[in-house]
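The values are calculated or read from the model by the stated rules, or taken from the named source; none is laboratory data. Just so we're clear, the structure is a prediction, and the values are computed from it rather than from any experiment. Positions of Cβ are generated from backbone atoms using ideal geometry, with glycine treated the same way; all protein chains shown enter the neighbour counts. Heads up: the accessible areas ignore ligands, DNA and RNA and are worked out on the full protein's heavy atoms, side chains in. Shrake-Rupley method; radii C 1.70, N 1.55, O 1.52, S 1.80 Å.
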Amino acid sequence: MNRLKLQLAKIFNRRQLSKLIRSLAKLLRELIEILLILVAVFLLISAILYIEDTLQANTEWGKFFINALEKSRILGTFESISIVTALVIYVRQGKKKSHYEAWQVIDSAQGIKISHARIKALEELSKDGVSLKGLSLPMADLEQVTLVDTDFKEANLKTAKLQEANLKGSTFELTQLQGANLWKANLQECFFLLTQLQKVNLNAANLQNAELQGVNLLEANLQQANLQGAYILGNLQGANFQEANLKGANLQGAYLQDANFKRANLRGVNLKDANLTGVNFEEAHLQGANLQNAQGLTTQQIRVAKNWEQARYSKAFILSLGLPQDSSLVNPEELT
């Protein structure tokens, strides 16, 4: 099993593999639902046939009734009609009709900050894999909503309230989330591309293994956030990572001027080529962190951190710190 996982990991990254597993689980649930419908139809037909045999064997009027039905060939086609009807009902109720009604609820709640019906409608669409591309819900209250593996491409969620929302595996491409409240939100394995996240509240949010490319996190609040294994590239100027967990995260080349990493876990983090001008590393754990070729970095910034001697630096910076030449050889992959 472990060998299989390693082979799959070579084909997919962890985020893609996890999303694939969830998609397969969803497909399996749908197949089981259809199978249950077919079983119910089979049982219904069996019951009718049992009644037919009982009537024909025990009563004269029963024989006459069954013979009349056989001549009209109703029972001969009942099975096919039942199966087709059941599947049509499933498709209509589970897909088109319910989706249309869900969008009606969402549209009718435009401009309304709090709407429990809208939350249920969004959850229904997300559960069925419907894209929410272009959704416009600025300032909407969507607290504790569950929208797993949902497409939010080009959606407008400015200043929306998404506290404790479950958005695991969702895609935020060109999405507007400026000033949104995502306190304790589950954003694990989410994909952000060119997303506007200025001054967003991600306090205590779970961004483990999330991928953020070309994002704007200007002055974002990421205090106590879980960013283990995350990849972040973009504008993080003035972002607050105080007490955040960035173990093994990749921030190579990120713009982090004046960012705050006070008491953050930066074990094994990749900050190579990042702009670290004015960054606060006070009491941050730097064991195994890669700070090679970092811009704007000073010895004063480093010396207020913990385990700074065990981080990785460029040769010139090692000399300025007064460390031996072989002190920057810690392999982050060996960290526990």
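The table that follows gives values for the structure above.
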| read-out | value |
| --- | --- |
| Residue 169 being open to solvent by less than 10 Å² (accessible area, probe 1.4 Å), in contact with an Asp or Glu (Cβ under 6 Å, 6 or more places away or on another chain) and either β-branched (Val, Ile, Thr) or on the phi > 0 side of the Ramachandran plot (or both) | yes |
| Residue count, the stretch 279-298 (criterion: open to solvent by 20 Å² or more (accessible area, probe 1.4 Å), out of contact with any Lys or Arg (no Cβ under 9 Å at 6 or more places or on another chain) and part of a loop (DSSP other than H, G, I, E, B)) | 3 |
| Subset of the stretch 315-328 [modelled with pLDDT of 50 or more and either of a type outside the set (Val, Ile, Thr) or not in a helix (DSSP H, G or I) (or both)] | 315, 316, 317, 319, 320, 321, 322, 323, 324, 325, 326, 327 |
| Counted residues, the stretch 179-188 - those being more than 13 Å from the chain's Cα centre (by Cα), assigned to a loop (DSSP other than H, G, I, E, B) and either surrounded by fewer than 24 Cβ atoms within 10 Å (Cβ to Cβ) or of a type in the set (Asp, Glu) (or both) | 3 |
| Verdict on residue 247 being closer than 22 Å to residue 199 by Cβ and in a loop (DSSP other than H, G, I, E, B) | no |
| Whichever residue in the stretch 189-201 is within 19 Å of residue 149 (Cα to Cα) and surrounded by 22 or more Cβ atoms within 10 Å (Cβ to Cβ) and, among such residues, is farthest from the chain's Cα centre (by Cα) | 195 |
| Residue in the stretch 299-322 that is least open to solvent (accessible area, probe 1.4 Å), counting only those that are farther than 20 Å from residue 244 by Cβ and out of contact with any helix residue (DSSP H, G or I) (no Cβ under 9 Å at 6 or more places or on another chain) | 318 |
| Near pairs, Cβ below 7 angstrom, 6+ apart or cross-chain, from the stretch 118-141 (open to solvent by 10 Å² or more (accessible area, probe 1.4 Å)) to any residue that is among the hydroxyl-bearing types (Ser, Thr, Tyr) and at pLDDT below 95 | 124/98 |
| Positions within the stretch 258-277 being in contact (Cβ under 8 Å) with a residue 24 or more places away in the chain and either under 19 Å from residue 194 (Cα atoms) or open to solvent by 50 Å² or more (accessible area, probe 1.4 Å) (or both), in sequence order | 267 |
| The stretch 207-243: number of residues that are farther than 12 Å from residue 259 by Cβ, open to solvent by less than 40 Å² (accessible area, probe 1.4 Å) and among the polar types (S, T, N, Q) | 3 |
